[in-house]
Amino acid sequence: MEKEKEGVFKAVRAAGKIQVENLGKITSIDFKSAFNLVTNVDKECEEKILSIISGAFPDDKVLAEESGEKSGEKNRRWLIDPLDGTTNYTHAYPFFAVSIGLEVNGEMALGVVYNAVADELFWAIKGEGAFVNDKKLSVSNIKELSGSLLSTGFPPDTRNSGFDNMLEFKTLTNLSHGVRRDGSAALDLCFVAAGRTEGFWEMKLSPWDIGAGSLIVTEAGGTVSNLEGNQLDIDSGHILATNGLIHKEIIGCLAELKTQSGSSVS
């Protein structure tokens, strides 16, 4: 994975430079849906990343947020989010990142998330641990939900969806030290890995949002699953990531809320 790691580091740093240089200087904003933004910076970052990744690994598959899928001969898939936290970025709110993951034979093998504003490069290689820059990461050792800090997010269709995460947000806020909603799933996952928060859950995400971060959490000693506690499927978009110690407690809470509301993710 050394060649892949070097290529991704180069790609995320190049995209991060674009983001920092253009912060507060957006020239174009489009809407993929009513509340789902894309800017000229998203597109410029993705073009830069693809020129590096596809240039170095032309036979690999690619799934990128803005340009979609590119077929490949090998059973390797790159998951690319050129700017996770676009809404934040358009408001110059400094919580956004570049996220790139490599999936090999259906399993995450490499994950890199770069917070350019803080110059924090989170990364993991399967079986080799997780790091921020050169420092090894480890999840927190808090054992109870009542002493935990959590994070979550809301899907773009919250205003017209019956499954909007609001009840879960309110309930888990009351059961914990609090729930943060900062607008970048990739960074939220990295903060679990770094022990800054104990858990993160969200629905209706895309593979490029969670592929890299999910590996970083597990390599830091945490646990990832779907919302019912079963094996994570990054293509399903529903994820729970924790330090492992509060995982069952949150699963139980989410299950109870689902029974009460009678709702289901769609």
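Which condition number in (1) farther than 20 Å from E120 by Cβ; (2) touching a residue at least 40 places away in the same chain (Cβ under 8 Å) is the one that G7 fails?
The failed condition is (1).
When the residues of region 199-212 are filtered to those that are at pLDDT 95 or above and open to solvent by less than 10 Å² (accessible area, probe 1.4 Å), which remaining residue is farthest from the chain's Cα centre (by Cα)?
The selected residue is G199.
Looking only at region 140-155, how many residues end up being assigned to a strand (DSSP E or B) and buried (at least 18 other Cβ atoms within 10 Å of the Cβ)?
The qualifying residues number 3.
Give region 86-104 a look and list any residue that's in contact (Cβ under 8 Å) with a residue 60 or more places away in the chain and either part of a strand (DSSP E or B) or open to solvent by less than 10 Å² (accessible area, probe 1.4 Å) (or both), or say none.
Within region 86-104, Y89, F96, A97, V98, S99, I100, G101, L102, E103 meet the criteria.
Filter region 43-85 down to residues that are assigned to a helix (DSSP H, G or I), more than 15 Å from A109 (Cβ to Cβ) and not charged (D, E, K, R), then give me how many there are.
8
Does region 39-58 hold any residues that are in contact with a helix residue (DSSP H, G or I) (Cβ under 7 Å, 6 or more places away or on another chain), open to solvent by 10 Å² or more (accessible area, probe 1.4 Å) and farther than 21 Å from G72 by Cβ, and which are they?
Within region 39-58, just E44 meets the criteria.
Looking at (1) out of contact with any strand residue (DSSP E or B) (no Cβ under 9 Å at 6 or more places or on another chain); (2) at pLDDT below 95; (3) buried (at least 16 other Cβ atoms within 10 Å of the Cβ), which is the one condition that is false for N165?
Of the numbered conditions (1) out of contact with any strand residue (DSSP E or B) (no Cβ under 9 Å at 6 or more places or on another chain); (2) at pLDDT below 95; (3) buried (at least 16 other Cβ atoms within 10 Å of the Cβ), the odd one out for N165 is (1).
The conditions are (1) open to solvent by 60 Å² or more (accessible area, probe 1.4 Å); (2) in contact (Cβ under 8 Å) with a residue 60 or more places away in the chain; (3) charged (D, E, K, R); (4) under 19 Å from S214 (Cβ atoms), and K61 fails exactly one of them. Which is it?
The number of the failed condition is (2).
Taking the residues in region 1-32 that are out of contact with any helix residue (DSSP H, G or I) (no Cβ under 8 Å at 6 or more places or on another chain) and under 13 Å from E44 (Cα atoms) as candidates, determine which candidate is most open to solvent (accessible area, probe 1.4 Å).
Among them, the one singled out is K17.
Taking only region 37-68 into account, find how many residues are within 13 Å of D81 (Cβ to Cβ) and modelled with pLDDT under 85.
1
To keep it simple, each residue is scored yes or no on (1) over 30 Å from E46 (Cβ atoms); (2) part of a helix (DSSP H, G or I).
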{"position": "D209", "(1), (2)": "no, yes"}
{"position": "T218", "(1), (2)": "no, yes"}
{"position": "G221", "(1), (2)": "yes, no"}
{"position": "Q231", "(1), (2)": "no, no"}
{"position": "C253", "(1), (2)": "yes, yes"}
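Among the residues of region 163-178, write down those that are of a type in the set (A, V, I, L, M, F, W, C) and in a helix (DSSP H, G or I).
M166, L167, F169, L172, L175
Which of the following residues is among the aliphatic types (A, V, I, L, M) and more than 28 Å from V132 (Cα to Cα): I18, I53, I80, I29?
Only one candidate qualifies: I29.
Can you tell me which of (1) under 26 Å from K258 (Cβ atoms); (2) open to solvent by less than 20 Å² (accessible area, probe 1.4 Å) is the one L215 doesn't meet?
(1)
Condition (residue is open to solvent by 40 Å² or more (accessible area, probe 1.4 Å), touching a Gly at 6+ places or on another chain (Cβ under 7 Å), closer than 30 Å to L257 by Cα and part of a loop (DSSP other than H, G, I, E, B)) applied to region 179-188: is it met by at least one residue?
Among the residues of region 179-188, at least one is open to solvent by 40 Å² or more (accessible area, probe 1.4 Å), touching a Gly at 6+ places or on another chain (Cβ under 7 Å), closer than 30 Å to L257 by Cα and part of a loop (DSSP other than H, G, I, E, B), which makes the answer yes.
The values are calculated or read from the model by the stated rules, or taken from the named source; none is laboratory data. None of these values were measured; they are calculated from a predicted model. All Cβ positions, glycine included, derive from the backbone under ideal geometry; neighbour counts span all protein chains shown. We work out accessible area using only protein heavy atoms, side chains counted, and drop any ligands, DNA or RNA first. Shrake-Rupley method; radii C 1.70, N 1.55, O 1.52, S 1.80 Å.
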